[in-house]
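Report on one structure; see the data block that follows.
Bear in mind these aren't lab numbers, they're just calculated from the coordinates by the rules spelled out. Worth saying up front: this structure is predicted, and the values here are computed from it rather than measured. Using ideal geometry, Cβ is built from the backbone for each residue, glycine included, and neighbour counts are taken over all protein chains shown.
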Amino acid sequence: MAWLFSLSAECGVEQVAAEQFAHHFDKISWVLSNGSQPQTRSGIFQDIEENWWCRSCPSGISELGIGTPETAYLMTELGILLYQHLQSAPAFRYALVGVEVDEFRTYSELLDESSHLAFPGLVLADAVWQAVSSPPVFRPFSLGYVWKPYEGEVYKPLMASPDLRNKLNELLIVPSTQLGSFGALDRNLKHYRL
């Protein structure tokens, strides 16, 4: 299963809006700090609500998620570049950069969950921001858009390493001989609770 790093933008009900957005991002390339030159490939699709999306994926970046600190660094560098290019993009309703961000919320879900819009990097058109009651965590992004500033991609060793995950799982298994002690400890702690 691929874990794609991309910029995904919901462009509304008109296919032409997604096509214009895709054209803006297709075949853009940058030189990264490690000397690589990823190039974006863009495609459009419809979600279950029949709204149009554009996904722009840089080439040459991991399709297995964030397996190393170096990958997290490069994805963050690319994320910043994608957001910079987004500032001059054709109209869209909302967008997000990250791993597996396609259809992270449909438009109706976004409106329904307006009190929980804590996605770092989420960019909203002003009209969408107002429709979700103008949360104060959003700051100006570009003309007609606000965002919750991007925080970069994060390497999580327990997610990336099956070996480390197995070691943690072994640690979490409590032998039945220790459960009695835990029960007694729990009873003693209740004695001290207010």
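Computed with the Debye formula from one identical point scatterer per Cα of the chain, without solvent, the log10 of I(q)/I(0) at q = 0.14 Å⁻¹ comes to -0.81. Taking label points 7 Å from Cα along the Cα-to-Cβ direction, Val31 and Glu14 give a separation of 3.9 nm.
For the peptides 17-24, 132-139, residues were scored by their other Cβ atoms within 10 Å and the scores averaged per peptide; the highest-first order is 17-24, 132-139.
Taking R0 as 35 Å, what's the FRET efficiency between Leu143 and Leu164 from their Cβ-Cβ distance, rounded to 0.05? Intermediate values should be presented prior to the final figure.
Working: r = 45 Å, r/R0 = 1.29.
FRET efficiency, Leu143 to Leu164: 0.20.
Between Phe104 and Gln39, the simple spin-label model (points 7 angstrom out along Cα→Cβ) gives 2.8 nm. Membrane-span-like helices in the chain, defined here as complete DSSP H runs extending at least 18 Å along the helix axis by their C-alpha atoms with mean Kyte-Doolittle hydropathy no lower than -1.0, are 69-86, 176-192; this is a sequence and geometry rule, not a statement about a membrane. Applying the criteria of a DSSP loop state and at most 14 other Cβ atoms within 10 Å to the trypsin sites (Lys or Arg not before Pro) of the range 27-76 yields Lys27.
Which of rounded, prolate or oblate describes the range 3-82 when judged by the alpha-carbon gyration tensor and an a/c cut-off of 1.5? Prolate, because a/c is 1.5 or more and a/b exceeds b/c.
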